[in-house]
Every structure is written in structure tokens, then in C-alpha cells.
Amino acid sequence: MSGNLLEVRDLQVSFRTYVGEIQSVRGVTFSVKKGEVLAIVGESGCGKSVTAQTIMRLNPSPPSVIKYGSILFEGKDGVVDITKMSDKQMESIRGAEMGMIFQDPMTALNPTMTIGKQITEGLLKHQGLSKNEANKQAVEMLKLVGISNPEGRMDQYPHELSGGMRQRVMIAMALSCRPKLLIADEPTTALDVTIQAQIIELMKSLQEKTGASIILITHDLGVVAEMAERVAVMYAGMVVEQGTVDEIFYNSQHPYTWGLHRSVPRLDSNSSEELVPIPGTPPDLFAPPKGCPFAARCPYAMSICTEEMPEQFTVSGEHSAACWLLHPDAPKVERPAIAGGIRA
Amino acid sequence: MSDALLEVNNMKKHFHLAGNQTLKAVDGVTFHIKRGETFGLVGESGCGKSTAGRTIIGLYDATEGQVLFDGQDISRLKGKGLKQYSRKIQMVFQDPYASLNPRMTIANIIAEGMDIHGLHRGKARMERVHSLLEAVGLNQEHANRFPHEFSGGQRQRIGIARALAIEPEFIIADEPISALDVSVQAQVVNLFKKLQRELGLTYLFIAHDLAMVKHISDRIGVMYLGKLVEVTTSEMLYSNPQHPYTQSLLSAIPIPDPDVERRRERILLKGEVPSPLAPPSGCPFRTRCPHAMDVCAERMPEMKETEPGHHVACHLYE
Ligand SMILES: Nc1ncnc2c1ncn2[C@@H]1O[C@H](COP(=O)(O)OP(=O)(O)OP(=O)(O)O)[C@@H](O)[C@H]1O
Ligand SMILES: Nc1ncnc2c1ncn2[C@@H]1O[C@H](COP(=O)(O)OP(=O)(O)OP(=O)(O)O)[C@@H](O)[C@H]1O
Ligand code: SF4
Ligand SMILES: [Mg+2]
Ligand SMILES: [Mg+2]
């Protein structure tokens with residue numbers, strides 16, 4: 001696995017519904033190195049959560065089906081393929097070796113159980129601690145995530161806490177067993193910015209301390225710039241571009257990535273600049289187009305784009321993009337000036 | 001202030017809850033909006049932005065204070081005057097899914113206000129609907145369809161067309177883009193700007209995305225726990241934020257530029273926003289403020305003009 005903790009290879013996941021098959025994830029390949037933060041960005045419905053949930057095997061089957069591909073994970077007992085694990089095997093990986101933080105903490109927290117009970121549950125199950133030791137460690141975790149009066153909080157219920165505090169509790173729960181991989185699915189989207197800044201700072205410092213790898217799912221390019229080392233840009237169930245955070249912000253190659261950059265205003269730029277929206281909507285995943293999924297919205301689309309799916313072209317090192325413009329015979333187009341470039 | 005279309009003077013909206021508790025959702029805010037201007041209202045969840053908007057449009061009666069529209073006190077409006085006011089001011093809501101009746105066609109949704117006010121009757125009705133659809137970037141064929149057939153951005157456009165139908169002068173947009181994808185947010189924001197240029201509209205734009213608010217607004221008011229703490233132009237708010245809350249808010253917003261992020265120092269606030277049911281004494285921000293002094297617990301600082309057009313309520317400037 002050469003330094004990688006996780007390797008997702010050509011993953012395809014569908015949902016079988018009564019109206020047909022939704023091809024939510026259509027051949028996704030990426031890897032996560034040990035101790036790095038990989039961000040996954042992309043529009044609503046492009047398959048970010050389904051990808052993340054498949055790595056944790058949280059999607060019930062049926063209706064979801066892993067149609068193809070592998071998810072290699074370097075666990076305690078060597079490299080395993082997550083797609084081939086039994087539910088029982090998954091249970092010992094989830095919580096112990098992988099943790100997940102959701103956008104809405106209420107989906108992960110049990111409203112009828114005290115905070116203390118929820119954190120110690122995992123410790124008792126996975127770490128084989130005594131009740132006393134587990135309690136001590138839970139208090140320690142709550143302290144670590146910046147919750148004041150942690151002993152008192154142990155006996156409280158989720159609804160007695162504010163949104164930011166619930167998010168901290170969920171982070172404490174996800175990290176209590178010191179997982180090697182933390183998947184954070186829009187962990188700060190529901191929070192106010194000053195609380196978001198606290199949570200990001202917290203995740204960064206915990207990551208430094210524990211050396212865990214993080215997959216960060218977000219639609220906020222600011223959060224990506226702040227936290228991530230590498231970025232995968234998803235569109236209509238595929239990774240259309242990936243690279244280091246600098247490559248994705250300063251040397252992006254895919255027209256969709258350009259569009260993303262140009263549609264968000266920056267706090268530090270002039271408001272007179274018009275935002276450039278991406279016209280149209282993403283394709284229907286019941287019947288995705290056979291060519292490039294972005295072709296219908298792409299200002300640079302050529303005839304081949306609607307005919308054939310572009311391959312992943314290597315830009316340099318680990319920077320790649322799936323766009324026909326990178327084919328040696330394609331016309332040269334100028335990257336829009338403000339796409340990821342520094343506007344001062 | 002003759003050029004002000006809307007003047008809000010010491011407006012309060014208190015909710016009386018069970019157990020004799022009073023929730024001071026909006027607790028004495030004063031600002032004005034000039035004709036043709038966009039005024040942005042920002043602040044953390046629960047600070048009273050929506051309540052302020054709803055009180056201005058008359059969905060709530062103000063507990064105290066005044067709202068003057070075109071020089072007229074709206075609480076005194078009755079009968080015809082009230083009906084006229086309700087025509088001139090319209091609201092666009094956050095959730096494009098919940099705010100459109102799923103059983104009505106787009107044409108009927110858009111024309112509802114016109115029908116109520118008896119405008120554009122007969123043949124003119126559909127003509128008006130078609131021109132509104134075009135104005136918001138949709139087309140005539142969309143008129144007979146239903147809301148579920150549209151994407152989020154398209155639904156928000158329908159909501160805007162509905163608000164425009166009765167030719168308002170003033171639009172309150174309460175988080176009109178928060179529920180949309182980034183690429184679609186830009187479409188809707190550009191539309192707001194275009195309509196303002198063409199129709200001379202005045203906006204109160206409520207949102208918590210400060211980068212977007214700065215992009216669209218001429219002036220901005222920053223709220224915290226029911227109070228306005230700073231009011232100034234977008235440029236000054238960004239280049240010279242004076243209230244410690246505004247300073248930390250600006251520093252907390254990540255900028256989509258990794259180089260900038262690597263160099264940036266954050267002012268991290270401690271703790272959480274206090275409950276509006278038990279607000280701190282004195283300045284509402286003092287429990288999280290890095291500069292809090294003794295006087296901050298004793299009394300609420302008054303709004304002071306620290307430089308022309310820049311108002312701040314903070315004891316550091318008294
Ligand atoms: N349980 C399910 N049954 C059917 N379709 C599903 C299910 N879960 C997800 N999908 C579909 O799979 C696609 C990808 O969804 P996913 O939740 O991964 O998107 P996402 O990128 O996380 O979007 P968002 O940013 O809105 O969270 C969508 O088209 C969605 O409708
Ligand atoms: N009808 C109501 N009855 C009682 N309390 C209310 C009512 N409406 C709002 N509140 C309370 O008033 C305060 C301000 O709420 P408001 O909705 O105005 O906040 P906001 O700034 O719009 O927040 P958000 O960004 O979350 O929309 C909150 O504490 C809220 O719980
Ligand atoms: S492959 Fe073609 S349609 Fe797709 S992004 Fe590249 S140029 Fe545009
Ligand atoms: Mg998701
Ligand atoms: Mg609100």
C-alpha cells in the first residue's frame with residue numbers, strides 16, 4: 001500500500017429503486033495516505049456521502065449494491081478489502097479503526113442515552129476497558145474536545161447541549177478508540193462560523209496528536225483551503241480531478257473545477273466582480289450520459305466529449321483530471337484567469 | 001433622513017414564553033436603508049435576523065420602537081394604506097422547497113399576489129407571468145408545470161418571480177441562497193443584482209455567509225444576541241472592522257486560497273453563544289470577547305459613530 005492507509009479502486013455503487021437503478025458512484029478511484037487530510041468536494045448529489053458510507057459499509061443492502069471495485073484498508077491485521085468484509089467483521093473495524101462524523105450530530109447520537117454512556121459504549125466494546133477506566137477516558141476525551149465541566153456533561157442528554165457542543169461530543173465519540181481513519185461528512189456545515197472555526201482548529205490539533213488520516217467531505221472551498229492536503233473533485237458519481245490542494249487551487253485543469261472556483265465570492269476580493277455561475281444542472285444518475293458527465297454544462301465541450309468518457313489524464317505526479325482538453329490533440333484553451341488564481 | 005426608504009428605530013420584538021419567560025429576539029435595533037440600496041444583515045444562528053425581517057414586513061407586531069416605510073409608521077397603517085404597504089414590500093424565503101405550494105402550477109403561484117391585489121387581470125395576467133419568468137431566467141413553457149419538476153435554483157427563481165409580481169419597491173430576502181449549491185448560489189445572486197439594476201429595487205438581504213453578503217451589499221449590519229453591534233459599508237466592515245465580534249467573525253471565515261490560509265492568524269472565540277433567554281448583563285458579547293473590561297458587564301454600550309458612516313456599539317470606542 002506504499003504509505004497509503006486506504007485505496008479505493010474503481011468503486012461503483014448503485015441503488016436499486018422501484019423506478020430503476022441510480023448509479024450514485026460510477027468508478028471512483030483515490031487513495032488516502034497515512035496522516036493526511038483528503039478533501040472530497042462537489043455539488044449536492046454527486047456521490048460524496050455514498051462513497052464515504054460505502055467505505056464504512058453503512059449503506060444498507062438492499063437497496064444499495066457495490067457493483068464493482070475494491071476498498072483496501074490497512075487495518076490492525078494487515079490489508080483487508082472492505083467490500084468483502086462480513087457485517088460482523090465490519091463491526092470490529094467501525095468504531096475501532098474507522099470513525100465517522102456526520103453533518104447532523106443528532107443522526108449519530110442516541111437521544112435517549114446520556115453522553116457518557118454513548119462514549120463509553122465503544123470503549124467497553126472495542127478496547128476491553130473496565131467501566132471505571134472507560135469513564136475516565138470518556139471524561140478525558142470530552143476535555144480534549146474542549147467541553148467544559150466534562151464530568152457534569154457525562155450525565156446529560158444530547159438535547160441539553162448546543163449544536164457546537166453536540167458536534168464536539170460526536171468528534172469525541174468518533175475519536176475515543178483512536179481510529180486510523182476519520183471520515184468527516186460536512187462536519188461544520190450546520191454550525192455558525194465562529195463555532196466552525198473552533199471545530200476545525202480542534203480537528204487539526206487532534207489529527208496532529210493522533211496521526212489519524214481524515215477524509216473531509218465539504219462543499220466549502222474555504223474549509224478545503226484551510227484543512228486539506230489533497231483534494232478530490234467529484235461530479236456525477238466520478239472523480240473528475242484530484243491533486244494537492246495547491247494543484248487544485250492554482251493549477252486546476254478541469255472546467256468543472258474552474259466553474260466551482262469562479263462561482264464563490266471571496267471575503268478578500270472586490271464585490272464588483274461578477275460571480276460566474278455554472279449554467280444548467282448535473283445529469284440524472286438514472287441515465288447518466290455516455291460521454292463526459294459535465295459536457296452539457298461545459299463551455300469548452302467538443303464533439304468527442306458527448307461521445308466518449310474522457311480517461312484520467314495525468315497532469316503531473318499525482319495530479320490527474322478526466323477531461324478531453326488534456327488530450328495531446330485537443331485545442332489549447334486558456335484557463336480562466338481567476339480560476340483558483342490569487343485575486344488580490 | 002429623506003433618502004431612507006426604510007427607517008427602523010429602536011425596534012424590539014420580545015416573545016413571551018411559558019413560565020413567564022421573555023425571549024428578547026430583537027432588542028432595540030436602529031438602522032436605515034436607502035432607496036436602491038442593498039443592506040445586509042449578518043450574525044450567528046438565533047441572533048434575531050429573521051425575526052427582524054418578519055417584524056419589518058409586519059408578520060410580527062413590534063414590541064417597541066418604530067418602522068417607518070417612506071416616512072410612514074407601519075404600525076399606524078390600516079385599510080387601504082396597509083394593503084398598499086403589503087404590495088410594496090415582499091419577502092423571499094430560505095427554503096425553495098417548502099415555500100412553494102406543490103399543488104399549484106407555477107403560473108398560479110406567481111400570479112397569486114396579483115390576483116389578491118386585483119392587478120393584471122384577464123389577458124394581461126398570463127402576459128405578466130411570462131415576462132416575469134423571463135426576467136428571472138426561466139421560460140414561458142415553465143408556466144404550467146409544478147414545483148417538484150424544478151431544481152432548487154429554479155425554485156428560488158420562481159419564488160423571486162412571485163415576489164416581483166406585484167411590483168414591490170422593497171424585498172426582504174431571508175437566506176435566499178443558503179439551501180442552494182455553490183454553483184447555483186451565484187446564479188441567484190447575479191439575478192438579484194440584475195433585477196436591482198433594472199427595477200431600482202431596495203433589498204434587505206439576510207444571510208450568515210458573510211462573503212456572499214459582502215459581495216451583494218452596499219452596507220452591512222452585524223447582529224449579536226438581538227442587538228446590532230456594528231453598521232457600516234461593506235468595504236469598511238472588511239477593511240476596518242471595529243467591534244471585537246465582527247473582527248472574530250471575519251477572521252473565522254475561511255478564504256478559498258491555500259496560500260492565504262497558511263499565513264492567516266485566527267482570533268478564536270471561546271465558548272458558545274449565550275442563550276437569548278439569559279443574555280449576559282451589559283454588552284451581549286462580553287462573555288466571549290477577548291477585550292472585555294469591567295464596564296462591559298455593567299452597561300450596554302451605545303451605538304457611536306467612530307468615523308463617517310461607521311457605527312459601533314462597544315465600550316472600547318466610548
Ligand atoms: N438510500 C438511497 N436510495 C436511493 N438513492 C440514493 C440513496 N442515497 C443516496 N442516493 C442517491 O445517490 C446520489 C448520491 O448521493 P450522495 O448522498 O452521495 O450525494 P452527496 O454528494 O453526499 O450530496 P450532498 O452534498 O447533498 O450531501 C444522489 O443522486 C442520491 O439521490
Ligand atoms: N415565534 C417565536 N416564538 C418564540 N421564540 C422565537 C420565535 N421566533 C424566533 N424565536 C427565537 O428568537 C430568537 C431569534 O430567532 P431568529 O429566527 O430571528 O434568528 P436568526 O438570526 O434568523 O437565526 P438563523 O440564522 O438560525 O435563521 C431565537 O432564539 C429563536 O428561538
Ligand atoms: S471532457 Fe469536454 S465536456 Fe468534459 S469537461 Fe472536458 S472539455 Fe468539458
Ligand atoms: Mg452528502
Ligand atoms: Mg433566520
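What the table below lists for this structure:
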| read-out | value |
| --- | --- |
| Of B:Phe285, B:Phe146, B:Phe39, the one that fluctuates the most in a GNM where chain B has Cα springs shorter than 10 Å | B:Phe146 |
| Sorted by Cβ neighbour density within 10 Å, fewest at the top, the residues B:Met293, A:Met170 | B:Met293, A:Met170 |
| 0 to 90° range, to nearest 10: angle between helix B:152-164 axis and chain B longest Cα axis | 80 |
| Peptide A:280-289 - average C-beta neighbours from other chains (10 Å radius) | 2 |
| Per-residue mean of C-beta atoms belonging to partner chains within 10 Å, peptide A:185-197 | 5 |
| Nearest-20 debye value, region A:175-290 charge dipole, Cβ charges on Lys, Arg, Asp, Glu | 420 |
| Mean projected area (nm²) of the alpha-carbon convex hull when chain B is viewed from all directions | 18.5 |
| C-alpha long axis of helix B:123-135 to longest principal axis of chain B, angle in ° | 40 |
| Value of Rg/Rh across the protein assembly as shown [Cα atoms, Kirkwood radius] | 0.97 |
| Evaluated over chain A, the Cα radius of gyration and Dmax, each in Å | 21.1, 68 |
| Residue among B:Pro290, A:Pro179, B:Val129 farthest towards the positive dipole end of the protein assembly as shown, charges placed on Cβ | B:Val129 |
| Cross-link table A:Lys33/A:Lys180; A:Lys88/A:Lys117; A:Lys34/A:Lys136, entries beyond 20 Å C-alpha to C-alpha | A:Lys88/A:Lys117; A:Lys34/A:Lys136 |
| All lysines inside 20 Å of B:Lys78 as judged from Cα atoms, apart from same-chain residues fewer than 8 positions distant | B:Lys88 |
| Cβ-placed point charges (K, R +1; D, E -1), dipole of the protein assembly as shown about Cα centre in debye, nearest 20 | 1220 |
| Gain on full stretching of the segment that runs from B:Asp73 to B:Glu265 - 0.36 nm per residue minus C-alpha separation | 64.5 nm |
| Dipole magnitude of region A:235-326 about its Cα centre (Cβ charges: Lys, Arg +1; Asp, Glu -1), debye to nearest 20 | 220 |
| Average other protein chain Cβ within 10 Å of Cβ, residues A:247-260 | 1 |
| For region B:37-177, diffusion coefficient by Stokes-Einstein and Kirkwood Rh (Cα), 25 °C, 0.890 mPa s, µm²/s | 151 |
| Most positive-pole-ward Cα, B:Ser239, B:Gln94, B:Met104, against dipole of chain B from beta carbon charges | B:Met104 |
| Cα-derived Rg to Rh of region A:1-114, Kirkwood definition | 0.97 |
| Ranked packing of B:32-38, A:250-256, A:119-125, B:303-309, most packed first, by mean Cβ within 10 Å | A:250-256, A:119-125, B:32-38, B:303-309 |
| Whole-angstrom Cα spans of region B:167-318 along principal axes, big to small | 50, 40, 33 |
| Solvent-free Debye scattering, log10 I(q)/I(0), computed from the Cα coordinates of region B:186-232 at q = 0.14, 0.15, 0.33 Å⁻¹ | -0.39, -0.44, -1.34 |
| Value of Rg/Rh across region A:235-326 [Cα atoms, Kirkwood radius] | 0.99 |
| Charge dipole (chain A, unit charges on Cβ, about Cα centre) - positive-most of A:Ser320, A:Gln118, A:Asn251 | A:Gln118 |
| Highest-first arrangement of B:46-54, A:134-142, where packing means the average Cβ count within 10 Å | B:46-54, A:134-142 |
| For region B:26-74 versus region B:228-293, the gap between their alpha-carbon centres in whole angstrom | 22 |
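Just so you know, all these numbers are worked out from the coordinates, no wet-lab data involved. Keep in mind it's a predicted model, so treat the numbers as computed, not measured. Backbone-built Cβ (ideal geometry, glycine too); neighbour counts: all protein chains shown.
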